Amino acid sequence: MNHFNYKNGLLHCEDIPLSAIAEAVGTPFYVYSKATLSRHFKAVDEAFSDIKHITCFAVKSCSNIAILNLFSSLGGGADIVSGGELFRALRAGIEPQKIVYSGVGKTVEELRYALNSQILMFNVESIQELQTLQETAAALKRTAPVALRVNPDVDPKTHAYISTGLAKNKFGIPVKEAAEIYLKAREMSNIEIVGVSCHIGSQLTTVAPFVESLTKIIDFIKGLTAAGINIRYLDMGGGLGIKYDDETPPAPGEYAAAVKEMLREVADCTLIIEPGRVIAGNAGALITKVLYTKEGNRKFIIVDAGMNDLARPSLYDAYHEILPVIESQEREEADIVGPICESGDFLARGRLAPLTERHDLLAVMSAGAYGFSMASNYNSRPRAAEVMVHQSEFYVIRKRETLADLIHGEAIPEK
């Protein structure tokens, strides 16, 4: 469920017509429903309320500090993949002991920052990273809490670019090699083994891959226990999908029911889950204005949002529903494209699109996850504003970039 609905012929976010926000802040802009974000976070978190757990929102999916602060107020933590995301999480008020650090390419500077911040744990993805973390922690006279990210070689049945749990993917340590690395970690003076981590991909629409990977990870944890290695945290990652078009992903309760019985076998472990898309995806939309229309071999609707604002259609050929802000049932086959100088710059192709004229507003739905967080300044375009709606009020949570922002930090050398 989300809080985007037509009222009196106008598309609203909660109790505010999107046209009113567009008039106030201009286009394009991202808009998020606070009610939807809260509802979705609680749906995931409460599905696991009867077991020890921490819900660590995947910051990479939607990283605005106002949104992170909202999840912090609801008891959430953060799954981060960079020093910049750690900075955001801390600035948003998330407790360090609810932050887990994933990612294959952590730099020494980032490891040092996270150690000094005293985060909950590092999800280590290679033996070289583990050795570097040991050296960095020793230099700081600190102990690094560690989980190894284990790659279970499970097919998540999702887009190849967002699959992370197969043996051919760059993520994690093969399950057959991980036990030996745990034994090496146990001998490192500044490493404390605290957990096991596993994340197999994103936009999963069935529970079967979760069950398959969890079966392997539980067996793996039992083997570690037998070897005298105590595991306190089981990080299952995230990946639960949402409805963009005709998908029928499981609800959080269904997902939880499928795995909680299995988790009784490792009841001493605190579960860590890292949802991102399932919380933020349908809580946000990208609002754009029609600049021009033109016809040749096909109809083009040219809007002021491009692939720099929303990369998913160009990158993954992803589907996003596109709705007229003024309600209309009239449709025409068209490509909805942006102003970027690339043929790959499109929001939809060959779509039965709303019948539009210049200056009409369109809402690109389900854009709350991997929307603004993947935006760029390609073609020297200022990034869009971000707005949060709460009932009948809205707040600009990120100002639209200016032309001056585009060259911030640049300099022409003196001759």
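The values are calculated or read from the model by the stated rules, or taken from the named source; none is laboratory data. Model, not experiment: these values are computed from the prediction. Heads up, the Cβs are rebuilt from the backbone with ideal geometry, glycines too, and the neighbour counts pull from every protein chain shown.
Below are the figures for this structure:
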| item | result |
| --- | --- |
| Unique match (being among the polar types (S, T, N, Q), over 30 Å from residue 19 (Cα atoms) and in the same structural domain as residue 400 (by TED's automatic domain parsing)) among 230, 297 | 297 |
| Residue that is surrounded by the most Cβ atoms within 10 Å (Cβ to Cβ) [pool: residues in the stretch 48-62 that are within 13 Å of the chain's Cα centre (by Cα) and not hydroxyl-bearing (Ser, Thr, Tyr)] | 57 |
| Which numbered condition residue 296 fails, given (1) crowded, with 21+ Cβ neighbours inside 10 Å; (2) at pLDDT below 95; (3) over 30 Å from residue 121 (Cα atoms) | (1) |
| Out of 353, 367, 375, sole residue that is under 19 Å from residue 299 (Cα atoms), small (Gly, Ala, Ser) and not assigned by TED's automatic domain parsing to the domain that holds residue 70 | 353 |
| Check on residue 85, more than 21 Å from the chain's Cα centre (by Cα), closer than 30 Å to residue 402 by Cβ and either at pLDDT below 95 or surrounded by fewer than 24 Cβ atoms within 10 Å (Cβ to Cβ) (or both) | no |
| Exclusive hit being closer than 24 Å to residue 241 by Cβ, assigned to a loop (DSSP other than H, G, I, E, B) and among the small types (Gly, Ala, Ser), set 411, 348, 367, 363 | 367 |
| Candidates 343, 380, 392, filtered to the one that is surrounded by fewer than 16 Cβ atoms within 10 Å (Cβ to Cβ) and free of Cβ contacts under 8 Å to residues at least 24 places away in the same chain | 343 |
| Residue match in the stretch 352-367 (condition: among the hydroxyl-bearing types (Ser, Thr, Tyr) and buried (at least 16 other Cβ atoms within 10 Å of the Cβ)) | yes |
| Residue in the stretch 63-72 that is at pLDDT 95 or above, within 20 Å of residue 371 (Cα to Cα), in contact with a strand residue (DSSP E or B) (Cβ under 7 Å, 6 or more places away or on another chain) and surrounded by fewer than 19 Cβ atoms within 10 Å (Cβ to Cβ) present | yes |
| Any pair with Cβ under 7 angstrom, 6 or more apart, that starts in the stretch 13-26 at a residue that is on the phi > 0 side of the Ramachandran plot and ends at one that is hydrophobic (A, V, I, L, M, F, W, C) and in a helix (DSSP H, G or I) | 14/35 |
| Test result for residue 270, of a type in the set (Ser, Thr, Tyr) and in the same structural domain as residue 337 (by TED's automatic domain parsing) | no |
| Candidate set: the stretch 266-284, residues that are farther than 17 Å from residue 57 by Cα and modelled with pLDDT of 90 or more; chosen: the one surrounded by the most Cβ atoms within 10 Å (Cβ to Cβ) | 269 |
